[in-house]
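Engineer: Handing you a structure now.
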Amino acid sequence: MTPHILTRSLDRAATAFVLLVAAVGVLIPLSNLLLPQGSMFQVPTYLVALWGKYVCYAILALSIDLIWGYCGILSLGHGAFFALGGYAMGMYLMRQIGSRGVYGNPILPDFMVFLNWDKLPWYWYGFDKFAFAALMVLVVPGLLAFCFGWLAFRSRVTGVYLSIITQAMTYALLLAFFRNDFGFGGNNGLTDFKDILGFNVQAEGTRAALFLLSCLALIIAFLICRAIVSSKLGKVLIAVRDAESRTRFLGYRVESYKLFVFTLSACMAGVAGALYVPQVGIINPSEFAPANSIEAVIWVAVGGRGTLIGAALGAVVVNYAKTFFTSGPLAPYWLFMLGALFILVTLLLPKGIVGTFNSWWEPRRSTGIAADEASAAREDGISAAKMAE
Amino acid sequence: MNVMDTRATSAMLYLDGVHVSFDGFHAINNLSLTLAPGEMRAIIGPNGAGKTTMMDIITGKTKPDEGTVLFDGTVDLTRLDETRIAELGIGRKFQKPTVFESQTVQDNLLLALNVDHSVRGTLFWRGSKAESERIDKVLETIRLTDARNRLAGSLSHGQKQWLEIGMLLAQDPKVLLVDEPVAGMTDVETHLTAELLKEINRNHTIMVVEHDMTFVRELGVKVTCLHEGSVLAEGSIDQVSSNERVVEVYLGR
Amino acid sequence: MVKARGDQEALALLTGLGDQPPLVTKAAASAVSSIQSNLAMWSMVQNAWYGLSLGSVLLLAAIGLAITFGVMGVINMAHGEMVMLGAYTTFVVQEVIRTRYPALFDYSLLIAVPLAFLVAGFIGVLIERTIIRFLYGRPLETLLATWGLSLVLQQAVRTAFGPTNREVGNPSWMSGAFELGQITITYNRLWILCFTLAVFAILLAMLRYTALGLEMRAVTQNRRMAASMGIATSRVDALTFGLGSGIAGIAGVALSQIDNVSPNLGQSYIIDSFMVVVFGGVGNLWGTLVGAFTLGIANKFLEPVAGAVLGKIAILVLIILFIQKRPRGLFALKGRAVEA
């Protein structure tokens, strides 16, 4: 990427965010590994894994915000891309188990032995190599999104129709992955992982490294999104979001733009899923559940759609709340709270936390109706001065 | 373009025998109309006469059931989509002003500029001096220089109309389709808009749809009156406005 | 003689004959093939019946959704929960009858239908007035808000009635089955089919002949114009939402007869209902009817070939592909009114 894109995308808030994530990414593992256990500042290993999970969710939220907040595409099936990336990583981890499985088959994962399969299905080939699996983490979700998007955007399936068919897509995948004969472990999914690149996935050092990597991935994903939304491409995306047909009449090929961000977004979701699986230790079909995808959308809404920092923040806040409430005596009320969150955010806080903060913090732009709708544009740093450079 | 005359017609826009119906309602009925290069044409007619639908057909939003629609004598517009038609050089201003409300006036114009519209081109775009000069010039023409950093959504109705005309200017198409440019404007603004369109007409072909007869008169161009999806009368404003049928269906006595 | 019986048993008998004189073998072979084609025919009929039955269930679940989506452009993710509330209303009615007036048990469904309509309809109006009306013009947000609502309603029912399945009984006239040729038709499925068609007909008549119906159709076709003609669109919206929810409640009564009554009842129908609406197109109830029965029958004919789950996946994929061809469904409104 050329430098001017980098300088343009890093405004003050963005730089602060990157530094914050970098600091968290380094400090949490360090405190976990170096400080003595029981020390006040020592972060226990289970918390490292938990926060690693949140960071992966933050990447997923970014990917949703890129298409929903900036281009108006509400995908209710992004969990599918996340899960596919996760399965690609899970397949690699399964192959790494080798003969240490319960049945001790050096090639076949346990569930295949259990189902009396005598050889590996062709689509499992290559997943013993990390590089191949890592490539598939990007390619499989990306390819699905590309084909799906190519069909949908070309025939101008928009709005709620698109949301519904993305939901149908993830539902169809849910049903498929539940099947034993589909070759991905059916109901139980993939689990009991041992090693990743030769390191024990349970080891503290590995967990710390995975956490650091997740933070790094979050930073990279954030920078890519920033680069996009602060470029002229970002202005076109917002134009598509606000007045799609007007954009067409200006001579923009709207479907290409949508396809580009949708595919990119799916790849990002795939990476998030791939980092999620070794930290959580399991991937199963429930990740495809439509409810999961919708929940991810609400993270973005809570944080502030059309504000990248908000999306990442929303994912962490909502999931922290979920962990906090579901593990306490308030557990039966969590669904009430989550449901109420959906309703209250859409009704009372349509701009989300960061969006609302922004419009309160910088009341410098013009007033009126437009100001309400403009929060998304604002965060992009579409500043006049930069244009003339 | 080929100078040798392989064209079906020398007209800039050529519509012949166009039909469109929606669920049995004939919105456009055997419509034939030609627009010569460099011409400005005013289109009048009662509501439902098919004015906007005609623009939809020319810009590729609606596909006609039958009939010929040619651009520049050679290009069959019925086979192209909106993007392609816009790229060819047909720009459109909508009846209801449609600007990108959450973006600044300046960004609206930037988006309209007829430069590289590919995904790659916009991702790696960096402004050039020529581009910002063009935008400055358009801003001056539409009198929005002071409002350049305001959000388009915060403009007044008349200003939005002008911004949309400005976007057409930035787009610099060969043909401008302008749908009701002075609706909701004050008399002064209306007058200025007429001046502006005449100015633009020096090097662009224009088709204007408008109800405001004072404005149409001020333009001083050939007028076509549509009714029930076809041409009712055509000629100078005086000829058309004295036409019996036009008076009956549209102007009123 | 054996041939005349023409069923599975006879087929097993004939194919299991083993060594016999040539004449008998030949006769048996011809009998076998004739029985086989006979059976194939009946299995087609059986599939068609299952398909119609599934279609009627889908129609019942989707029809309310189609109305709200058609008139208001609103996707109600909590629609399934309205169905669930209808089913729980039936449960409560039956509980009361069981403990107080056991003699009335056969009439429990007749009592439950209007009650379920009122309960779900009332909650529907409440939802419209307190949530949805603030979100008009923002269909995607509506989708999220109603999803949140569905979580709340599910959890509320789970808290009130417990997470497990509740027993809803079949009245005597809905129990049992009769034989028609080679296939068995259960009374509850048959009644549900009739009930669905009746609901559909009543709804159609209501849309055509009542003032509310006229107003609803006007708003569907052109909201702005309808508003400017003096139709109180907000009242129409509230009533439409109430009507759609009420019908979902009725659907719940019917579904309580063939499905488990649990807090998750609605969820299992919601995606299928969406598919019906998207496939059938918006703004036309006939589209919903055709959509529901097409999907029902297609599903049941694919099942024996591909298996239940794969069949379902195939249907989903087909609908996703179909949407590409007809982005607005089978029966779509055309013209300028479509894009507001």
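Values quoted throughout were computed directly from the atomic coordinates according to the rules given, and no laboratory measurement underlies them. Quantities reported herein were computed from a predicted structural model and do not represent experimental measurements. Methodologically, a virtual Cβ is constructed for each residue, glycine included, from the backbone with ideal geometry; neighbour enumeration extends over all protein chains shown.
Engineer: Helix-derived [θ] at 222 nm for chain C: sum -39500 (n - 2.57) over DSSP H runs of at least 4, divide by residue count, nearest 500?
Structural biologist: Value at 222 nm, helices only, nearest 500: -25000 deg cm²/dmol.
Engineer: Okay, moving on. May I have the extent of the alpha carbons of segment A:38-136 along their three principal axes, as whole Å values ordered from largest to smallest?
Structural biologist: Sorted largest first, the three principal extents are 48, 46, 24 Å.
Engineer: Which shape class, rounded, prolate or oblate, goes with segment B:59-186 when its Cα gyration tensor gives a ≥ b ≥ c as root eigenvalues, a/c under 1.5 marks rounded, and past that a/b bigger than b/c marks prolate?
Structural biologist: Oblate, because a/c is 1.5 or more while a/b does not exceed b/c.
Engineer: A follow-up question, please. Would you mind ranking A:THR45, A:THR166 by Cβ crowding within 10 Å, fewest neighbours first?
Structural biologist: In increasing order of surrounding Cβ atoms, one gets A:THR45, A:THR166.
Engineer: Hey, what did chain C get for relative contact order, percent, Cα under 8 Å, at least 6 apart?
Structural biologist: Value for chain C: 31 percent.
Engineer: Which residue, A:LEU348, A:LEU175, A:LEU33, has the most motion in a Gaussian network model of chain A that connects Cα atoms within less than 10 Å?
Structural biologist: Looking only at A:LEU348, A:LEU175, A:LEU33, the biggest GNM fluctuation is shown by A:LEU348.
Engineer: Which value, in nm² and rounded to one decimal, describes the direction-averaged projected area of the C-alpha convex hull of segment B:19-103?
Structural biologist: 7.0 nm²
Engineer: Please list 3J(HN,Hα) in residue order for segment B:110-115, calculated via the Karplus relation 6.51 cos²θ - 1.76 cosθ + 1.60 where θ = phi - 60°; whole Hz, with x for glycine and proline.
Structural biologist: For segment B:110-115, the Karplus curve yields 4, 5, 7, 3, 7, 10 Hz.
Engineer: May I pose another question? What average count of beta carbons from other chains do you get within 10 Å of the Cβ of residues in B:75-82?
Structural biologist: 2
Engineer: With N set to the number of residues, divide the alpha-carbon radius of gyration of chain C by 2.2 N^0.38 Å and report two decimals.
Structural biologist: 1.17
Engineer: How would chain B be classified by its alpha-carbon gyration tensor: rounded, prolate or oblate, with rounded meaning a/c under 1.5 and the a/b versus b/c comparison settling the rest?
Structural biologist: Note, shape of chain B comes out oblate.
Engineer: Here is a follow-up. Where does segment C:212-313 land on Rg(C-alpha)/(2.2 N^0.38 Å)?
Structural biologist: With N residues counted in segment C:212-313, Rg over 2.2 N^0.38 Å equals 1.35.
Engineer: With no solvent and one point on each alpha carbon, what is the Debye value of log10 I(q)/I(0) for segment C:167-237 at q = 0.23 Å⁻¹?
Structural biologist: Calculated log10 I(q)/I(0) at the listed q: -0.96.
Engineer: Which angle from 0 to 90°, rounded to the nearest 10, does the C-alpha axis of helix C:139-161 make with the longest principal axis of chain C?
Structural biologist: 70 degrees
Engineer: Same structure again: Build a GNM of chain A with springs between Cα atoms under 10 Å: which of A:PRO350, A:PRO332, A:PRO44 gets the top mean-square fluctuation?
Structural biologist: Result for chain A, Cα springs under 10 Å: A:PRO332 fluctuates most.
Engineer: Still on this structure, I have one more. Using modelled backbone amide H atoms (1.01 Å from N, in-plane), which distant-in-sequence or interchain residues come within less than 5 Å of B:SER21's amide H?
Structural biologist: Distant-sequence amide H within range of B:SER21: B:ALA27, B:ASP65.
Engineer: Counting only DSSP beta bridges with both residues in the protein assembly as shown, what percent are antiparallel, rounded to the nearest 5?
Structural biologist: If I count the DSSP bridges inside the protein assembly as shown, around 65 percent turn out antiparallel.
Engineer: While we're looking at this one, here's another question. Multiply the residue gap between B:SER236 and B:ALA130 by 0.36 nm, knock off their C-alpha separation, and tell me the result in nm, one decimal place.
Structural biologist: 34.1 nm is the gain from fully extending B:SER236 to B:ALA130.
Engineer: Sequence-distant or interchain residues sharing an amide H contact under 5 Å with B:MET207, placed H: which?
Structural biologist: Here the answer is B:ARG41, B:LEU176, B:LEU177, B:VAL178, since their amide H atoms fall under 5 Å of that of B:MET207.
Engineer: Something else now. As an exercise, take the mean of 1/r over every pair of distinct alpha carbons in segment B:136-253, invert it, and state the Kirkwood radius in angstroms.
Structural biologist: Result for segment B:136-253, one decimal place: 15.5 Å.
Engineer: Report the convex hull volume per residue for chain A, counting only C-alpha atoms, in Å³.
Structural biologist: It comes to 163 Å³ per residue, whole-number rounded.
Engineer: Using the number of other C-beta atoms within 10 angstrom as an exposure proxy, rank B:LYS222, B:LYS51 with the fewest first.
Structural biologist: Least crowded to most crowded, the residues run B:LYS222, B:LYS51.
Engineer: If you don't mind, another one. Go through segment C:58-70 residue by residue and turn each phi into a ³J(HN,Hα) via Karplus (6.51, -1.76, 1.60, θ = phi - 60°); whole Hz please, and just put x for glycine and proline.
Structural biologist: Working through the residues one at a time gives 4, 4, 4, 6, 8, 5, x, 4, 4, 5, 5, 5, x Hz.
Engineer: Below 12 angstrom from the Cβ of B:SER236, what's the summed charge of the other residues (Lys, Arg +1; Asp, Glu -1)?
Structural biologist: Counting the neighbours of B:SER236, the net charge comes to +1.
Engineer: What average number of partner chain Cβ atoms lie no more than 10 Å from the Cβ of the residues making up A:287-297?
Structural biologist: Whole-number average of other-chain Cβ neighbours for A:287-297 is 2.
Engineer: Based on other C-beta atoms within 10 Å, arrange B:THR68, C:THR142, C:THR68 from fewest to most.
Structural biologist: So the ranking, lowest neighbour count to highest, is B:THR68, C:THR142, C:THR68.
Engineer: Take every residue in peptide C:307-320, count the Cβ atoms of other chains within 10 Å of its Cβ, and give the average of those counts.
Structural biologist: 4
Engineer: Of the DSSP beta bridges with both residues in chain B, give the percent that are antiparallel, rounding to the nearest 5.
Structural biologist: Antiparallel: roughly 55 percent of the beta bridges in chain B.
Engineer: While we're here: Take each uninterrupted DSSP H stretch in chain A, measure its Cα extent along the helix axis, and return the ones at 18 Å or beyond whose mean Kyte-Doolittle hydropathy is at least 1.0.
Structural biologist: A:12-34, A:45-71, A:130-154, A:159-178, A:204-229, A:254-280, A:290-303, A:308-326, A:334-348
Engineer: If you don't mind, another one. Remind me, what semi-axes does segment B:97-172 give for its equivalent ellipsoid, largest first in whole Å, using sqrt of 5 times each Cα gyration tensor eigenvalue?
Structural biologist: Gyration-tensor ellipsoid for segment B:97-172: 20, 13, 11 Å.
Engineer: Measure of size requested: the Rg and Dmax of the protein assembly as shown, with Cα atoms as the atom set and Å as the unit; please supply both.
Structural biologist: Rg then Dmax for the protein assembly as shown, in Å: 32.1, 109.
Engineer: Take peptides A:214-220, A:20-26, C:188-194 and line them up by average Cβ neighbours within 10 Å, highest first, as a rough protection proxy.
Structural biologist: The packing order, highest mean first, is A:214-220, C:188-194, A:20-26.
Engineer: Give, as a single signed number, the net charge of other residues whose beta carbon lies under 12 Å from the beta carbon of C:VAL157, with Lys and Arg counted +1 and Asp and Glu -1.
Structural biologist: +1
Engineer: May I ask which of B:LYS61/B:LYS174; B:LYS93/B:LYS137; A:LYS351/B:LYS93 have a Cα-Cα span longer than 22 Å here?
Structural biologist: Violating the 22 Å limit, Cα to Cα: A:LYS351/B:LYS93.
Engineer: State, as an integer percentage, the relative contact order of segment B:97-172 based on alpha-carbon contacts under 8 Å between residues 6 or more apart.
Structural biologist: Answer for segment B:97-172 is 57 percent.
Engineer: Report the net charge of residues surrounding B:VAL178, where surrounding means a beta-carbon distance below 10 angstrom and charges are Lys +1, Arg +1, Asp -1, Glu -1.
Structural biologist: That sum, taken over residues with Cβ under 10 Å, equals -2.
Engineer: Can you give me the relative contact order of chain B as a percent, contacts being Cα pairs under 8 Å and 6 or more apart?
Structural biologist: Relative contact order of chain B: 26 percent.
Engineer: Now a separate question. Ranking request for peptides C:257-267, C:32-42, C:210-220, B:174-184: highest mean number of other beta-carbon atoms within 10 Å first, then the rest in descending order.
Structural biologist: Answer by packing, highest mean first, reads B:174-184, C:257-267, C:210-220, C:32-42.
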